[in-house]
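Asks: Take this structure first; my questions come after.
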There are 2 protein chains.
Amino acid sequence: MTGTTHDELLALVSFNADGLVPAIAQQHDTGEVLMMAWMNRDAIDETLSTGRVCYYSRSRAGLWRKGETSGQVQHLKELRVDCDGDTLLLLVDQEGVACHTGRRNCFFRAVRDGALVEIAAPLVSPEALYGHHSHD
Amino acid sequence: MTGTTHDELLALVSFNADGLVPAIAQQHDTGEVLMMAWMNRDAIDETLSTGRVCYYSRSRAGLWRKGETSGQVQHLKELRVDCDGDTLLLLVDQEGVACHTGRRNCFFRAVRDGALVEIAAPLVSPEALYGHHSHD
C-alpha cells in the first residue's frame, strides 16, 4: 500500500474522541462475524503494513497484536471502511479461535425462544491459550 | 421474551459512558455484514419487543427506527451478545438496502492492490429513499 493510499484511507476514518474506531473482524470465506475491537491510527498502520491484525487494547492502553500470546493470529485479507468512515470491516483468516473464552467467535450468547442461551462451547480451554495470562 | 430474560440480557450488556453499545447488523442467511450502529437500553427493548430493529441515533440524539423514512426495514431474526457484553450482533432480514447511500451494505470502500476503491454501486438513489431528507 502506498503512502498516498494510506493517507487517503486515514483521511476517511472518523476517529472518536479517544482516537479510536471500531473494527469488525469477519472470517473472509465463511462470513462468520468473529469479534469487534478497536483500532487507533497506529493499529491500522501496523495491520496494513504487516498483514496481521493489530488492535488497540483499551484496558491495556496499548497496541494489541491479536494472537501474540495465544497464537490465534488473524491474517488480513481485506480492509473496508463504511459510508460514514466510523467503522472498519476486516476480512480475515482466523487461526484457531477468535474469542478469549476459547470459542471460535465472541457472539456465543443469544436470545432464543424468550431465553438467553449459550449457542457455542469452547473449542479449547483459555488455560491452554494463555497459561496464566488472561486475554491477549 | 420474558421480563426476567430481558433483565438478564441487559445485565450482560456493558453500555459506554453515553449509555450506548455498538450493534453489528448481519444479513441472517447470506452472512453479509450490513452496517454498524449504536443502541441504548430503549432501542434494545423496542427491538426485542417489536422484532423491528431500532437503533439510537447519536446525531439526532433519539431512537432511530431503521427504515421509518426510507422503508428499508430490518427484521430481527436473532440478537447475540459478545463475551465481554460490549458488542451486539443482530441477525436480520434487511428489506432493500441498508446504507443511506443506496448501497446494500455500508462497507463499500476497500483497500485493494494498494488503492482505495469502491467495490459496490448504489442499487437505488438516496433521493428515491429519502426525498429531501438525509439519512433515516
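Asks: Just which residue of chain A brings its Cβ nearest the axis of rotation onto chain B, and by how many angstrom, rounded whole?
Replies: It is A:G31, 1, counting Cβ atoms only.
Asks: Convert each backbone phi in the stretch B:99-110 into a coupling constant with the Karplus relation 6.51 cos²θ - 1.76 cosθ + 1.60 (shift: θ = phi - 60°), then list the ³J(HN,Hα) values in order as whole Hz, x for Gly and Pro.
Replies: Going residue by residue, I get 8, 5, 7, x, 8, 4, 10, 7, 9, 9, 10, 9 Hz, with x marking Gly and Pro.
Asks: If you don't mind, another one. Nearest 20 debye, what's the magnitude of the dipole of the protein assembly as shown about its Cα centre given +1 on Lys and Arg Cβ and -1 on Asp and Glu Cβ? Display every interim value, and only then the final one.
Replies: Working: 24 positive and 38 negative charges, 1 e Å.
It works out to roughly 0 debye.
Asks: Can you compute 3J(HN,Hα) from phi for each residue in the stretch B:78-89, using the Karplus curve 6.51 cos²θ - 1.76 cosθ + 1.60 with θ = phi - 60°, rounded to whole Hz and x for Gly and Pro?
Replies: Here the 3J(HN,Hα) series is 6, 10, 10, 10, 8, 4, 8, x, 10, 8, 10, 10 Hz.
Asks: Which lysines have a Cα lying under 19 Å from the Cα of A:K77, excluding residues fewer than 8 positions away in the same chain?
Replies: A:K66
Asks: Restricting attention to the stretch A:39-102, which trypsin sites (Lys or Arg not before Pro) occupy a DSSP loop and are surrounded by at most 14 other Cβ atoms within 10 Å? Can you show the working numbers first?
Replies: Details: sites: A:R41, A:R52, A:R58, A:R60, A:R65, A:K66, A:K77, A:R80; in loops: A:R58, A:R60, A:K66.
Within the stretch A:39-102, the qualifying trypsin sites (Lys or Arg not before Pro) (loop, at most 14 other Cβ atoms within 10 Å) are A:R58, A:R60.
Asks: By how many degrees, between 0 and 90 and to the nearest 10, does the Cα long axis of helix A:41-50 differ from the longest principal axis of chain A?
Replies: Approximately 80 degrees, to the nearest 10.
Asks: Sticking with this one: Defining the label point at 7 Å along Cα→Cβ, can you sort the distances from A:D113 to the same site in each other copy, shortest first, in nm?
Replies: 5.2
Asks: Suppose the chain between A:N16 and A:L123 were pulled fully straight at 0.36 nm per residue; how much longer would it get relative to their current alpha carbon spacing?
Replies: Details: separation 107, 0.36 × 107 = 38.52 nm, distance 3.47 nm.
Residue separation times 0.36 nm, minus the Cα-Cα distance, leaves 35.0 nm.
Asks: Placing a label point 7 Å from Cα toward Cβ, how far apart in nm is A:S59 from its equivalents in the other copies, listed shortest first to one decimal?
Replies: For A:S59, the other copies' label points sit at 3.4 nm, shortest first.
Asks: At 222 nm, what value in deg cm²/dmol follows for chain A if DSSP H runs of at least 4 each add -39500 (n - 2.57) and the sum is divided by all its residues, to the nearest 500?
Replies: On the way: 3 runs with 25 residues, N = 136.
Here the helix-only value at 222 nm equals -5000 deg cm²/dmol.
We did not get these values from a lab; they are worked out from the coordinates using the rules stated. Everything numeric here is computed off the predicted structure, so don't read it as measured data. We place every Cβ from the backbone using ideal geometry, glycine too, and count neighbours over all the protein chains shown.
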